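Reviewing the structure listed below.
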Amino acid sequence: MEILDEKLNMPEAIVKKASERSLIHRIGKAALYAVLIVIALIQLFPIYWLALFSLKNNYEIFNLSPLALPQELRFENYIKVWTEGNIATYFFNSIFYTVSAVFLTILLGSMITFAITRLQWRGNKIVLGLFMLGLMIPIHSTLIPLFNTYTAIGLINHPLSLILSYTAFNMPVTIMILLGFYEALPHEIEEAAIIDGASIHQIFFRITLPMTAPVIATAAIINMIYNWNEFVFVNTFISSDELKTLTVGIQNFIGQYSTDWGAIGATLMFSIIPILIIFLILSDRIVEGIAAGSIKG
Amino acid sequence: MNRLKASKLDILIYVGPALVLLLGIVYIPILQTGYFGLMEWNGIGQKTFVGLENYFVLLQDTKFWSSAYHSLILAVASIISLVFYLAIAVILASRIKGANLLRKIYLIPMLLASVAIAQLWMKIYNPTNGMLNIFLMKIGFENPPAWLGDANLALYAIILPTIWQYAGFYILIYYAALKNVPESLVEAARIDGASSLQIATKIKLPLIMNVVKVTIVLAAVGSLKYFDLIYIMTGGGPSGSSEVMASYMYNTAFNKFDFGYGSAIGFFLLIICLVATFIIQRLTISDKDLY
């Protein structure tokens, strides 16, 4: 994807012939860098401010400069919300729903992408079209019927209502990410396996699925981020506190502790930190997944 | 390309589960929404068939149209901000060292939960202790506005974090498209004496126009169904001044328990998004040229 021939500096020599132009060029370049760096700071600054006030007490937050460093690092904010505010429960619920839905989405998404790109059957174009159109359907148009159906079959206030909804709604973007990789996979290995007498299932589970590991990682991370951050489904389908996720739990917690900014900051950091850690380790995959899941297809 | 022959049962095993989930959780519900829109229903009790009444009421509901207008403002603002994102991407793609790192930094806000973004910006906008008003008072404004509490400003105060949130997403898309422009074309133009600005506007932009078109409609559709920040930051208030279609639908159904009318709004929202999607497809017929 990355075609970076920035090392090819040949034409630069032509520009440098006129030293005046070179100076303007350099000043211009410096100005552009300044713009880019200012934007980077704007993108990071609110998060930095949040991290700061999550480590302060109310006196420091309300009476001292917003940008002053904490007088001491008050990790007790974090300990307090983790132990008093149910945040631990929400945190583990978020992990459980996220992991279950990612697993299910990747498995079913890989299977259907395999069928769409590899197997001979009528209607694969129509099925793919249905999934792609699904990208444009607003979640809100499905909320009332889903609420109604889940209530009728006893899934309201049940983890399955979330796991199934996440899986269905993330399937289109997952297929979109997987599709490009599947289309680029060589057919020869599968054809050889068929000649050796392998079944479709053996080919899928033993050959294709392992070969798609890189794109599975990409799709899994994108799914993970979406599920971890999801708000509307939890807010609508889950009513009991023991089943809520971090996003909705934070919302309730903040309602109760609306004046304790340090504690609020700490709860927000609990939702942000796992994403930031994953970002630091896997930013290339995230970039790749977002690019593949947004336009191509 | 030889496809593998598989039995009907095998096809069913591979296609079935995902397709059933999509139909059951996405497609059947949107049909039901249209149907429930024909009912008078509080969500718990009996549904009473009232025909098209909800839809007729909707057409004359000033609250709905004002929320639709707010959604439109959001859409226009996000389309305008695309110009800004595109300009940044053009700079990033012009032999900038560290471009890869910068575009990743830009992306960070988009990865955070909307709840966290909303709560963070509510703190920034806090009238007395928020970073913004503290700054404004420092530089001499005596009575800075209440932002989210001000009916004239609330909607616009929410637009700012959305621009912040999605910047990295669109910059990433534009950057990838610009990097796909064949280097040979750019080199040829440079040798012919074209300036960087000319190369950007005369060569690169026309070549990524298809991607630009897609992002315009992505931004439009995304804005039309926008919900999270609005619901959390203002709940649509003060007095409906920041209500959008999705939040109006949600409040009608899940806070006022008017499920019949809420369904009608939801169905209308769906139609609007599908019309926009139709426009996407019309605009991107030649998309294959690029990818």
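Every number here is computed from the coordinates shown, using simple stated rules; none is lab data. Predicted model only: the values in this text are computed from it and were never measured. Neighbour counts run over all protein chains shown; Cβ positions are idealised from the backbone, glycine included.
Compute the distance in nm between two label points, each set 7 Å from the Cα along the Cα-to-Cβ direction, one at B:Val57 and one at B:Phe257.
1.5
Charges only on Cβ, +1 for Lys and Arg, -1 for Asp and Glu: so what's the dipole of the protein assembly as shown about the Cα centre, in debye to the nearest 20?
It works out to roughly 1160 debye.
Scan chain A and report its longest stretch carrying no GluC sites (Glu not before Pro) that are both in a DSSP loop and have at most 15 other Cβ atoms within 10 Å.
On the way: sites that count: A:Glu2, A:Glu6, A:Glu72.
Between exposed loop sites, the widest span is A:73-297.
Convex hull volume of the Cα atoms in the protein assembly as shown, per residue, in Å³? Write out the running numbers ahead of the final one.
Working: hull volume 104.3 nm³, N = 588.
Per residue, the Cα convex hull of the protein assembly as shown comes to 177 Å³.
Would you mind calculating the gained length between A:Phe45 and A:Val99 on full extension (0.36 nm times residue separation, minus the Cα-Cα distance), in nm to one decimal? Provide the component values of the computation, followed by the final result.
Working: separation 54, 0.36 × 54 = 19.44 nm, distance 3.05 nm.
Between A:Phe45 and A:Val99, full extension yields an extra 16.4 nm.
Please return the longest stretch of chain A lacking exposed loop sites, where trypsin sites (Lys or Arg not before Pro) count only if DSSP places them in a loop and at most 10 other Cβ atoms lie within 10 Å.
Values: sites that count: A:Lys7, A:Lys17, A:Arg122.
The segment A:123-297 is the longest one with no such site.
Please compute the average number of Cβ atoms from other chains found within 10 Å of each residue's Cβ in peptide A:246-252. Mind showing how you got there, number by number?
Details: counts 3, 6, 1, 1, 6, 5, 0.
For peptide A:246-252, the averaged partner shielding equals 3.
If you place +1 on the Cβ of every Lys and Arg, -1 on the Cβ of every Asp and Glu, and leave all else neutral, what size is the dipole of the stretch B:131-279 about its Cα centre, to the nearest 20 Debye?
Values: 8 positive and 8 negative charges, 61 e Å.
So the dipole magnitude of the stretch B:131-279 works out to roughly 300 debye.
For B:Tyr156 and B:Asn180, what is the calculated FRET efficiency with R₀ set at 25 Å and r taken between the beta-carbons, to the nearest 0.05?
Working: r = 35 Å, r/R0 = 1.41.
Rounded to the nearest 0.05, the efficiency is 0.10.
Normalised by the number of residues in chain A, what is the relative contact order in percent for Cα pairs under 8 Å and 6+ residues apart? Show your work: numbers first, answer last.
Numbers: 243 pairs, mean separation 88.0, N = 297.
For chain A, the relative contact order is 30 percent.
Alpha carbons only, please: Rg and Dmax for chain B, in angstrom.
Every Cα atom of chain B included, Rg and Dmax give 23.5, 76 Å.
Determine the gain in length on full extension of the stretch A:Leu133-A:His201; use 0.36 nm per residue of separation and subtract their C-alpha separation, reporting nm with one decimal.
Values: separation 68, 0.36 × 68 = 24.48 nm, distance 2.87 nm.
Computed gain between A:Leu133 and A:His201 is 21.6 nm.
Counting only pairs 8 or more residues apart or on different chains, how many lysine pairs in chain A have their Cα atoms under 21 Å apart? It would help to have the intermediate numbers written out before the result.
Working: A:Lys7/A:Lys16; A:Lys7/A:Lys17; A:Lys7/A:Lys29; A:Lys16/A:Lys29; A:Lys17/A:Lys29; A:Lys56/A:Lys80; A:Lys80/A:Lys244; A:Lys125/A:Lys296.
Final tally of qualifying lysine pairs is 8.
For chain A, take N as its residue count and report Rg(C-alpha) divided by 2.2 N^0.38 Å.
Numbers: Rg = 24.8 Å, N = 297, 2.2 N^0.38 = 19.1 Å.
Taking the Cα Rg and dividing by 2.2 N^0.38 Å, one obtains 1.30.
R0 = 56 Å: FRET efficiency of A:Thr151 with B:Phe135, Cβ-based, nearest 0.05?
Details: r = 48 Å, r/R0 = 0.86.
Efficiency computed from Cβ-Cβ geometry: 0.70.
Kindly provide the chymotrypsin sites (Phe, Trp or Tyr not before Pro) of the stretch B:82-143 that DSSP labels as loop, not H, G, I, E or B, and whose Cβ sees at most 12 other Cβ atoms within 10 Å.
Working: sites: B:Phe84, B:Tyr85, B:Tyr106, B:Trp121, B:Tyr125, B:Phe135, B:Phe141; in loops: B:Tyr125, B:Phe141.
Answer in residue order: B:Phe141.
Within the stretch B:48-289, what is the number of lysine pairs with alpha carbons under 18 Å apart, leaving out pairs fewer than eight places apart on the same chain?
13
Filter chain A for me: DSSP H helices, axial length by Cα at least 18 angstrom, mean Kyte-Doolittle hydropathy not below 1.6. List them by residue number. Walk me through the numbers before you get to the answer.
Numbers: long enough: A:19-53 (50 Å, 1.33); A:87-118 (45 Å, 1.46); A:140-152 (19 Å, 0.32); A:159-184 (36 Å, 1.29); A:213-229 (24 Å, 0.96); A:261-292 (38 Å, 1.78).
Going by DSSP H runs, the hits are A:261-292.
Give me a single rounded figure for B:3-10: the average over its residues of other chain Cβ atoms within 10 Å of their Cβ.
Values: counts 9, 13, 5, 10, 3, 1, 1, 7.
Averaged over the peptide's residues, the number is 6.
Remind me, relative contact order of the stretch A:167-297 in percent, using alpha carbon pairs under 8 angstrom and six or more residues apart? Present the calculation step by step, with values, prior to reporting the outcome.
Numbers: 62 pairs, mean separation 49.8, N = 131.
Contact order relative to length: 38 percent.
Quantify how strongly other chains surround peptide B:95-106 by giving the mean number of their Cβ atoms within 10 Å of each of its Cβ atoms.
Working: counts 7, 5, 3, 4, 3, 5, 2, 6, 4, 7, 9, 6.
If you average over the peptide's residues, the count of other-chain Cβ atoms is 5.
Net charge near B:Ile117, counting Lys/Arg +1 and Asp/Glu -1 over other residues with Cβ under 12 Å of its Cβ? Don't skip to the answer; put the middle values down first.
Numbers: positive: B:Lys123; negative: B:Asp228.
Value of the local net charge: 0.
Restricting to Cα pairs below 8 Å that are 6+ residues apart, what does the relative contact order work out to for chain B? Please round to a whole percent. Mind dumping the intermediate values first?
Numbers: 326 pairs, mean separation 85.5, N = 291.
Relative contact order of chain B: 29 percent.
Find how many whole Å separate the alpha carbon centroid of the stretch A:246-291 from the alpha carbon centroid of the stretch B:1-46.
33
In deg cm²/dmol and to the nearest 500, what is the mean residue ellipticity at 222 nm of the protein assembly as shown if only DSSP H runs of at least 4 residues count, each as -39500 (n - 2.57), divided by the residue total?
Details: 26 runs with 395 residues, N = 588.
Mean residue ellipticity, 222 nm, calculated: -22000 deg cm²/dmol.
Please give the FRET efficiency for B:Tyr35 paired with B:Arg3, using the beta carbon to beta carbon distance and R0 = 35 Å, rounded to the nearest 0.05. Intermediate values should be presented prior to the final figure.
Numbers: r = 39 Å, r/R0 = 1.10.
My answer for the efficiency is 0.35.
In Å and whole numbers, how far do the C-alpha atoms of the stretch A:122-229 stretch along each principal axis, longest first?
The principal-axis extents, from largest down, are 50, 31, 26 Å.
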